[in-house]
Ligand code: ADP
Ligand code: MG
C-alpha cells in the first residue's frame, strides 16, 4: 500500500548540509503494524514526516497505492493527508482551548464538509476509546493516557488507512502504555489500519508485525514476527 523508494532527505544548517535519510527502501502492506526503532537523531521522525506528507524528500519517492505522494503539490498532499493519514505524537498535541469532543471532531470540521453523521461518529469514537463522561472537559484536566486516547480518536475519526505514531507511549508509565498499545492493536485488527510507530520501548515494539532498526539514516535490519529469531531479536534490545 505504501512503498518507499530510495528516499533521501537532507537539511541545510548554515552552509552545512546534514544528510538525514540516506536511501530508504521499504514496503508497507495494508493492515501492517510496523515499529521503527533506533538511536536518537537517526532520522525516524523525519521519515514519518515524509510518510505523512508534512515535508518533501530531497530525492526518492513515497508512493501510496502506487501514486507518487511526495511528488504532489502541497495542496494535493493536504487532500491526501486529510483523507488517508492520521498522526499521533508523544506529547499528544491537543488543542487546549477545545473540549475533548471538539478535539476529536476537529478533522471533520476542518474538512469543511457537512457531515450529518458527525455527532454520532464522535459519540461512537468516544465510546471506542473509553472516554465517556469526559466529552465536555478540557484536555489539560485529563491524565496523559487519557490525552493520548483523545489524540488517537482525533487521528482516526476520519477513518484513515494509515496511522503514523511518533513515540506514542514515550510519556506514559507501563500500565498506561499497555492500554494505549492495546487500543492501537484493536483498531489495527478491526479496521485494517496500517500503523507505523516510532518507539524506544521494546514492549511497544513487541506489538508490531515487523520491527525495523534504523541507524544513521538507513535501515540496518528488519525482522517480522514470522521470522526465525524474532524473539531473540527483541531480546537483544534488552541485553
Ligand atoms: P530521530 O527521530 O530518529 O531522533 P530526527 O528525524 O528527529 O531523528 O532527526 C534526525 C536529524 O535531522 C537530527 O540531526 C536533526 O537535528 C535533523 N533535523 C530534523 N529535522 C530538521 C529540520 N527541520 N532542520 C534541520 N535539521 C533537522
Ligand atoms: Mg524522533
> Can you name every residue in the stretch 54-72 that is out of contact with any helix residue (DSSP H, G or I) (no Cβ under 7 Å at 6 or more places or on another chain) and within 16 Å of ligand 2 (Cβ to nearest atom)?
Replying inline: 54
> Taking strands (runs of 3 or more DSSP E) that fall entirely within the stretch 120-235, which contain at least 1 residues that are surrounded by fewer than 16 Cβ atoms within 10 Å (Cβ to Cβ) and in contact (Cβ under 8 Å) with a residue 24 or more places away in the chain?
Replying inline: 210-215, 218-224
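Quick check on the stretch 99-109. Is at least one of its residues under 21 Å from residue 161 (Cα atoms), free of Cβ contacts under 8 Å to residues at least 12 places away in the same chain and part of a loop (DSSP other than H, G, I, E, B)? I'd like the intermediate steps shown before the answer.
Our first condition is that a residue be under 21 Å from residue 161 (Cα atoms); within the stretch 99-109, this holds for 103-109.
Among the residues that remain, those that are also free of Cβ contacts under 8 Å to residues at least 12 places away in the same chain are: 109.
Narrowing further to those that are part of a loop (DSSP other than H, G, I, E, B): none.
Taking every residue of the stretch 99-109 in turn, none turns out to be under 21 Å from residue 161 (Cα atoms), free of Cβ contacts under 8 Å to residues at least 12 places away in the same chain and part of a loop (DSSP other than H, G, I, E, B).
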> Which of the residues belonging to the stretch 16-53 are in contact with a helix residue (DSSP H, G or I) (Cβ under 8 Å, 6 or more places away or on another chain) and within 26 Å of residue 187 (Cβ to Cβ)?
Replying inline: 24, 31, 33, 35, 36, 37, 38, 52, 53
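Only the coordinates and a few stated rules stand behind these numbers; no lab work does. Bear in mind the structure is a predicted one, so any value in this text is a computation, not a measurement. So basically every Cβ, Gly included, is an ideal-geometry build from the backbone, and we count neighbours across all protein chains shown.
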